[in-house]
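The values are calculated or read from the model by the stated rules, or taken from the named source; none is laboratory data. These figures come from a predicted structure and were not determined experimentally. With ideal geometry, Cβ positions are generated from the backbone for all residues, glycine too; neighbour counts draw on all protein chains shown. Surface accessibility is based on the protein's heavy atoms, side chains included, excluding ligands, DNA and RNA. Shrake-Rupley method; radii C 1.70, N 1.55, O 1.52, S 1.80 Å.
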Amino acid sequence: MPTGSVDGLVSGLDTTTIISQLMAIEKQPQDALKTKQTDANQMVAVYQALNTKFAALGSAAQTISRVADWRAMKATSSSTNVTASATAAASTGSLSFTVTQLSRAGSVATTGTVASTSVVVANGPLLLCRGADVLGFAGLTAGAGLTVGAHTVEVTQATAGATQTGTAAVGANTTIGAGATLAVTVDGVAKTYTIAAGTYSAAQLATAVGTASGGDLTASVDGSGKLVLTTTHEGSAATLAVTGGSAAATLQLDTAAPATAGTDGAVSVDGGAAITVASAGSGISQALAGANGTINASFAGGLRLGQASLVNVDTGNGSLAAVVDAVNASGAGMSAAAVNTGGGYRLQFSSTTTGAASNVSVDPQHLTAGLNAFSTVQAGRDAVIRIGEGPGAYEVRSADDSLNDVLPGVTLQLGAADPDTVVTVNVTQDGNALADKVSALVDAANQAVSFIAARSSYDPDTKQAGVFLSDGLARTLQSRVYSAISDVVAGAKLGAPGSAGIALVKDGTITFDRSAFLAAYAKDPDGVAGLFRAGGSGTDSHVSFLTASASTKAGTYAVHVTQAATQAEADGTALSGAGLVAGETIDVRIGGATGTTASYTAAAGATLDTVAGGLNAAFAEKGLALSAQVVAGKLVVRSAGYGSGSSFEVRTSAVGGAGEQTGLASAANVWEGHSGTGQVLVAPASDTTLGGLALTVTATAAGDYGSFTYTPGAAMRLNMVASGATDFANGAITNAINSQQGVIRDLAAQIADWDQRLELRQNLLRTQFANLETALGKLKDQSNWLAGQLASLPTGGA
């Protein structure tokens, strides 16, 4: 409001002070409103601080309110050379092993040197490859039109040799006389092998037969004790027949059995269509054409599943320095270095990752200046631990020095190899980690209730009352916290949280006895967990508790299943004949285009049982949780799990007419998806009673499955209290803050109205006092005039 001076010039009155005093009286109602506004703002600040306390309580409660939160595990190692860590998925147990070797990266270097890094050593692109040898390739070189940049060669189906299996088990001890022979036809060529005389165990006999073949065959004994002969040459071009020989009968081999053929492999270049490999073995080569050019492959043996990474590098001006820089800038998982040996520079390539699949090979066709020959500097190798000793011992390998899930949920980080030292890793429940969570929960609860208590008292000396002294909301929240953390938990074996070290003391604080908690947890982990976490039980064995939310109300509820869970499933069609009319490649993948694909190519005439067996082998190779089987004359691929999370896709190369092919897909070369329905029954979040409750239902048919009783433990109850207080939409504290802010807005509007009213009143007073001065001025002028007139009148003389 304006405060300009209008002090009286005529009257001599201090009108500024008079108006100010009058306005102070006029402002008293507005001042009362401003006091209320200040009090409301202070209350909002206190409620916001209280909201922060209960939000912290909710956060602490959430860390220990679910079933999964009580899966606290720890792993310890007996050796500083091995660090062990465990996740909630770990199970208690122990494992002893020795660290045989650490992993390392593959590396090769030129056998020749050049005088300086400026020497031109390349006259074209340089193709580098990592991981080709473990797939069965002796080498991969650039072919026609191969583009510069990254490439992949993936074996999607392994080759296999032709096999002949004995008709009966060989003896536990078999004697082979001098001059014993075995006549076979390998790849159409008749051959006769002479087996060394001696008495052999079954395994030794297989070794002797393999040795006699001179590398043509491998021999093994299957699970039933039968001798199995397999050609080292693999693919459908490989054939094998046993035709005779004096040892054939002793070996239980059928000389009248027809010749068998091997299994073709499939290779994809840069993710393109499968390329059939019908002949794989030492000295055999094949051009692999892809969308980005051709890669020429030479085979070291049969093909095995996996992927090799390649990069075709533009070498710039071709100098040694340019080659090194170009490779290092390619981002291909391989590095280059020009190494000064003191007598010149060698060109060295190394994998940036470790493992047996990290060996590097180089296509030397565009290398010059004597740098076109390479030797292995270091072979890539896996980290290896050996479990046990003697004939039953076995190894576990990893591409790097971190071994995951050797024990479920446990990671072993290897720091050093020491084959002579036994390392023992123990996995136990981590009571201390849980005690930390409970302690944090108690601290958060104490902070919330003490905040309320400190503002709920009356100070007789200052005659000041705390802001919560008459606040029903604060007292209610405090009472709910006490009840949530101390009341008996329905259905819990141990009754109330007091059985696990929780106590209320007279001053209103909550205490936690860590030692008592650890002792109770060591004695009965599930019982202690039941005091805190959410849980429940069903009357039907098909129904079990999974999880709940802060919105879920305790109680007993009927369970009705309208649709039972199903697995993802692809159903084929029955064959009209004994086998497939044409060859068919079946691809099955999980995870979409960037996921994992298993492939199997069935030859024409293959039975559905054969196809199922081939697919199962491919699934096992790729680690896919899928199975194939023949059901009611049809080929069926099915997920191991239930629900949309177990979905997969199928693609087949041949559809054919009715009954001619597997019928797993309706169209050729098109991915078709399949998914099931889950085993989890979830109440929608909008449900004000059951919102967030999730049950696992293993029933295979729809129907009624009894009832389920939900019982929240202390931590979940505190979570419910905190959520009910702080919920953004409808929390009790949120509503209180919103109410106070509404009061503040209303008071602000009233205060603004008073500003206008007071300004008008002050302006009126100023006008009135101004008018008074004007009137007084006129009267004074009249007085002066009259005085002048009177003075001018003649005076009487004597």
Val743 being part of a helix (DSSP H, G or I) and either modelled with pLDDT under 90 or more than 33 Å from the chain's Cα centre (by Cα) (or both): yes
Contacts under 9 angstrom Cβ, first residue in the stretch 747-765 being in contact (Cβ under 8 Å) with a residue 24 or more places away in the chain, partner among the small types (Gly, Ala, Ser) and buried (at least 16 other Cβ atoms within 10 Å of the Cβ), 6 or more apart: Leu747/Ala40
Qualifying positions in the stretch 136-184 - within 20 Å of Ala300 (Cβ to Cβ), out of contact with any Asp or Glu (no Cβ under 6 Å at 6 or more places or on another chain) and not in a strand (DSSP E or B): Gly136, Gly143, Ala158
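Listed here are the residues, each with its yes/no results for (1) modelled with pLDDT of 90 or more; (2) more than 29 Å from Asp753 (Cα to Cα); (3) in contact with a helix residue (DSSP H, G or I) (Cβ under 7 Å, 6 or more places away or on another chain); (4) not in a strand (DSSP E or B).
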site	(1), (2), (3), (4)
Ser5	no, no, yes, yes
Gln21	no, no, no, yes
Lys36	no, no, yes, yes
Ala45	yes, no, no, yes
Arg66	no, yes, no, yes
Search result, residues across the stretch 65-96 that are under 20 Å from the mean Cα position of the chain (by Cα), closer than 21 Å to Gly535 by Cβ and either small (Gly, Ala, Ser) or open to solvent by 70 Å² or more (accessible area, probe 1.4 Å) (or both): Arg66, Ala68, Arg71, Ala72, Ala88, Ala89, Ser91
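Just one of Ser201, Ser282, Ser213 is surrounded by fewer than 19 Cβ atoms within 10 Å (Cβ to Cβ) and closer than 23 Å to Thr167 by Cβ; which is it?
Being surrounded by fewer than 19 Cβ atoms within 10 Å (Cβ to Cβ) and closer than 23 Å to Thr167 by Cβ holds for just one of Ser201, Ser282, Ser213, which is Ser201.
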Top-ranked residue of the stretch 347-356 - restricted to ones that are out of contact with any Asp or Glu (no Cβ under 6 Å at 6 or more places or on another chain) and open to solvent by 30 Å² or more (accessible area, probe 1.4 Å), ranked as farthest from Thr117 (Cα to Cα): Thr353
Of the criteria (1) at pLDDT below 90; (2) within 29 Å of the chain's Cα centre (by Cα); (3) not aromatic (Phe, Trp, Tyr), which one His674 fails: (1)
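Matching residues to (1) part of a helix (DSSP H, G or I); (2) among the β-branched types (Val, Ile, Thr):
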residue: Ala570; (1), (2): no, no
residue: Gly577; (1), (2): no, no
residue: Ser599; (1), (2): no, no
residue: Ala606; (1), (2): no, no
residue: Asp609; (1), (2): yes, no
residue: Ala617; (1), (2): yes, no
residue: Arg638; (1), (2): no, no
residue: Val650; (1), (2): no, yes
All positions within the stretch 606-642 that are basic (Lys, Arg) and under 27 Å from Leu135 (Cβ atoms): Lys622
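Return a yes/no flag: does the stretch 475-483 have any residue that is closer than 17 Å to Leu718 by Cα, touching a strand residue (DSSP E or B) at 6+ places or on another chain (Cβ under 9 Å) and among the polar types (S, T, N, Q).
Step one: of the stretch 475-483, the residues closer than 17 Å to Leu718 by Cα are 475-483.
Cutting the leftovers down to touching a strand residue (DSSP E or B) at 6+ places or on another chain (Cβ under 9 Å) gives us 481-482.
Within this subset, residues satisfying the condition of being among the polar types (S, T, N, Q) are none.
Taking every residue of the stretch 475-483 in turn, none turns out to be closer than 17 Å to Leu718 by Cα, touching a strand residue (DSSP E or B) at 6+ places or on another chain (Cβ under 9 Å) and among the polar types (S, T, N, Q).
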Condition met for Ala60 (of a type outside the set (S, T, N, Q), on the phi < 0 side of the Ramachandran plot, buried (at least 17 other Cβ atoms within 10 Å of the Cβ) and not in a loop (DSSP other than H, G, I, E, B)): yes
Single residue of the stretch 315-346 satisfying the filter (touching a residue at least 40 places away in the same chain (Cβ under 8 Å), part of a strand (DSSP E or B) and more than 30 Å from Arg304 (Cβ to Cβ)) that is least open to solvent (accessible area, probe 1.4 Å): Ser319
Criterion violated by Ser686 - all others in (1) in a loop (DSSP other than H, G, I, E, B); (2) open to solvent by 40 Å² or more (accessible area, probe 1.4 Å); (3) more than 19 Å from Ala582 (Cα to Cα); (4) in contact (Cβ under 8 Å) with a residue 60 or more places away in the chain satisfied: (4)
Sole residue being open to solvent by less than 70 Å² (accessible area, probe 1.4 Å) and in contact (Cβ under 8 Å) with a residue 24 or more places away in the chain, chosen from Ala448, Ala465: Ala448
Where Val670 falls short, out of the listed (1) in a loop (DSSP other than H, G, I, E, B); (2) in contact (Cβ under 8 Å) with a residue 12 or more places away in the chain; (3) under 22 Å from Thr562 (Cβ atoms); (4) open to solvent by 40 Å² or more (accessible area, probe 1.4 Å): (3)
Subset of the stretch 768-798 (residues that are open to solvent by 70 Å² or more (accessible area, probe 1.4 Å) and closer than 28 Å to Leu33 by Cβ): Gln768
Criterion: open to solvent by 50 Å² or more (accessible area, probe 1.4 Å), in a strand (DSSP E or B) and out of contact with any helix residue (DSSP H, G or I) (no Cβ under 7 Å at 6 or more places or on another chain) - qualifying residue of Thr255, Thr232, Thr250: Thr232
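Every residue, every condition in (1) open to solvent by less than 40 Å² (accessible area, probe 1.4 Å); (2) touching a helix residue (DSSP H, G or I) at 6+ places or on another chain (Cβ under 9 Å); (3) of a type outside the set (Asp, Glu), yes or no:
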position: Leu477; (1), (2), (3): yes, yes, yes
position: Tyr482; (1), (2), (3): no, yes, yes
position: Ala496; (1), (2), (3): yes, yes, yes
position: Gly501; (1), (2), (3): yes, yes, yes
position: Ile510; (1), (2), (3): yes, yes, yes
position: Leu518; (1), (2), (3): no, yes, yes
position: Lys523; (1), (2), (3): no, no, yes
Where Gly742 falls short, out of the listed (1) open to solvent by less than 30 Å² (accessible area, probe 1.4 Å); (2) closer than 30 Å to Lys27 by Cβ; (3) in contact (Cβ under 8 Å) with a residue 12 or more places away in the chain; (4) out of contact with any Asp or Glu (no Cβ under 9 Å at 6 or more places or on another chain): (3)
The stretch 477-519 - residue that is small (Gly, Ala, Ser) and farther than 22 Å from Gly535 by Cα and, of those, farthest from the chain's Cα centre (by Cα): Gly508
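Answer with yes or no whether Val423 is open to solvent by less than 10 Å² (accessible area, probe 1.4 Å), at pLDDT 95 or above, within 39 Å of the chain's Cα centre (by Cα) and closer than 20 Å to Arg71 by Cα. Spell out the reasoning first.
Working: open to solvent by less than 10 Å² (accessible area, probe 1.4 Å): yes; at pLDDT 95 or above: yes; within 39 Å of the chain's Cα centre (by Cα): yes; closer than 20 Å to Arg71 by Cα: no.
Here the answer is no, as Val423 does not meet what is asked.
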Which numbered condition Asn51 fails, given (1) modelled with pLDDT under 90; (2) buried (at least 16 other Cβ atoms within 10 Å of the Cβ): (1)
All positions within the stretch 336-355 that are out of contact with any helix residue (DSSP H, G or I) (no Cβ under 6 Å at 6 or more places or on another chain) and within 22 Å of Asp400 (Cβ to Cβ): Ala337, Gln348, Phe349, Ser350, Thr352, Thr353, Thr354, Gly355
Segments classed as strands (runs of 3 or more DSSP E), wholly inside the stretch 357-411, with at least 2 members that are under 30 Å from Val119 (Cα atoms): 360-362, 374-378
Residue check for Gln429: of a type outside the set (A, V, I, L, M, F, W, C) and surrounded by 15 or more Cβ atoms within 10 Å (Cβ to Cβ): yes
